[in-house]
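The values are calculated or read from the model by the stated rules, or taken from the named source; none is laboratory data. All values derive from a computational prediction rather than experimental measurement. Note that we place each Cβ from the backbone using ideal geometry, even for glycine, and neighbour counts take in every protein chain shown.
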Amino acid sequence: MNRQTTSIELARLDEPDPPVAPDLELAVLPVAETDLARQLAEQQQQLAELQRQVHVLQTDRWRKWQWLAWAGLAVIALGLVITALWRNASPSESQLLLRLAQVAQAAKQPELALQTLDQLAASGVDDAETLTGMGQTYFKLKEYARAIDALQQATALAPVDEAAWLALARSYATAKQPAEAVVTYNHLLALNPVNWRYYFELGQQYDILPNHDQALAAYRRVLEIQPNNAGAYMQMGSIYQNQNRLIEAATAYRWAVERKPDWVDAQVALAQTYLAQNNCDRAIPVFLAAQRLAPNNEDAATGLAECRK
């Protein structure tokens, strides 16, 4: 029997890299003539050349339109960084280094981003906001140990900074350190006890430990805050199913389906639970409903075949 799970996406790190937009006019930054300012200007020139090269490679018409959509998002992100620099006539050295690292990461130049972040870390940063930015950028580069180190320093300097604690909790979770993630999410919930997403992610980490009772308690808190959260019911159903508590699993999955009728995974999970109870009279209509939503769903086809033997 397949275990059905859902998860909050922490970061879209495995998507194909969108190309950099072509012909972007990069502004000349009104900052002091320092080595860092010159380094940033040189990097902008390299980015512009890269943009021109990518533009030449875009020959297929359909791919070009798809690429332009991604490129528009990249232009917006890069423009925000450059605008922030433009408005700040005299950013500190640490701000310049962090922004250079962020630009390099956004432009898919991880080696430059890491080199710049490591240079910044070696300089002895004692500013919580900069450390949080470093941790978030390390996270995007999949450098989780370094992200955790920077974010631990940030939370020590700013113990009530919710953004820093959230970034740290998600870094632990992505680095597959559930025990540390649980402690951090609980600290985060002490700062903000009404955010359902924090309880949801805490429940996922308890489930991984595993501590199923605490995971179920976390999902119940989600439902106290957001009663129609189908994902919380789905996660509870998965825990019950793996404990062979099939009646409770079926109830949880049914509530998930009622709150999100077009969720194929919930339909299939509910039907599989009925099948596990040898109740094909109830399983078949749900498998058929799943097939109407997703005609090629293999789990639904397999379940129907099992019931029709």
Restrict the check to segment 105-113 and report whether at least one residue is hydrophobic (A, V, I, L, M, F, W, C), at pLDDT 90 or above and over 26 Å from LYS176 (Cα atoms).
yes
Residue count, segment 198-240, condition within 14 Å of TRP255 (Cβ to Cβ) and of a type in the set (S, T, N, Q), comes to 5
Within segment 236-266, the residues that are touching a residue at least 12 places away in the same chain (Cβ under 8 Å) and assigned to a loop (DSSP other than H, G, I, E, B) are GLN243, LYS260, ASP262, TRP263
>> Going by what's in this entry, would ASP127 be described as at pLDDT below 95 and out of contact with any strand residue (DSSP E or B) (no Cβ under 8 Å at 6 or more places or on another chain)?
In response: yes
Quick count over segment 267-287, residues being closer than 22 Å to VAL222 by Cα and in contact (Cβ under 8 Å) with a residue 60 or more places away in the chain, is 1
Pairs returned, first residue in segment 177-193 that is on the phi < 0 side of the Ramachandran plot, second residue that is assigned to a helix (DSSP H, G or I) and of a type in the set (D, E, K, R), beta-carbon separation under 7 angstrom, 6 or more apart or interchain, are TYR185/GLU201; LEU188/GLU162; LEU191/GLU162; ASN192/GLU162
The residue from PRO193, PRO227 that alone is closer than 24 Å to TRP263 by Cα, at pLDDT 95 or above and surrounded by fewer than 22 Cβ atoms within 10 Å (Cβ to Cβ) is PRO227
Filter segment 132-176 for residues that are closer than 27 Å to LYS108 by Cα and among the polar types (S, T, N, Q); the one that is farthest from the chain's Cα centre (by Cα) is GLN153
Listed by first then second residue, the pairs whose first member lies in segment 208-223 and is farther than 14 Å from TYR240 by Cα, whose partner is in a loop (DSSP other than H, G, I, E, B) and modelled with pLDDT of 95 or more, with beta carbons under 9 Å and at least 6 positions apart or on separate chains, are ILE208/LYS176; ARG221/PRO193; VAL222/ASN229; LEU223/ASN229
Taking segment 110-166 and keeping residues within 27 Å of LEU189 (Cβ to Cβ), surrounded by fewer than 22 Cβ atoms within 10 Å (Cβ to Cβ) and touching a residue at least 40 places away in the same chain (Cβ under 8 Å) leaves LYS140, LYS142
- Task: Determine whether ASN186 is polar (S, T, N, Q), part of a helix (DSSP H, G or I), touching a helix residue (DSSP H, G or I) at 6+ places or on another chain (Cβ under 8 Å) and at pLDDT 95 or above.
- Result: yes
Picked from segment 196-214 (must be of a type in the set (S, T, N, Q) and surrounded by 18 or more Cβ atoms within 10 Å (Cβ to Cβ)), the residue farthest from SER238 (Cα to Cα) is GLN205
Answer with yes or no whether ALA217 is part of a helix (DSSP H, G or I) and buried (at least 23 other Cβ atoms within 10 Å of the Cβ).
-> no
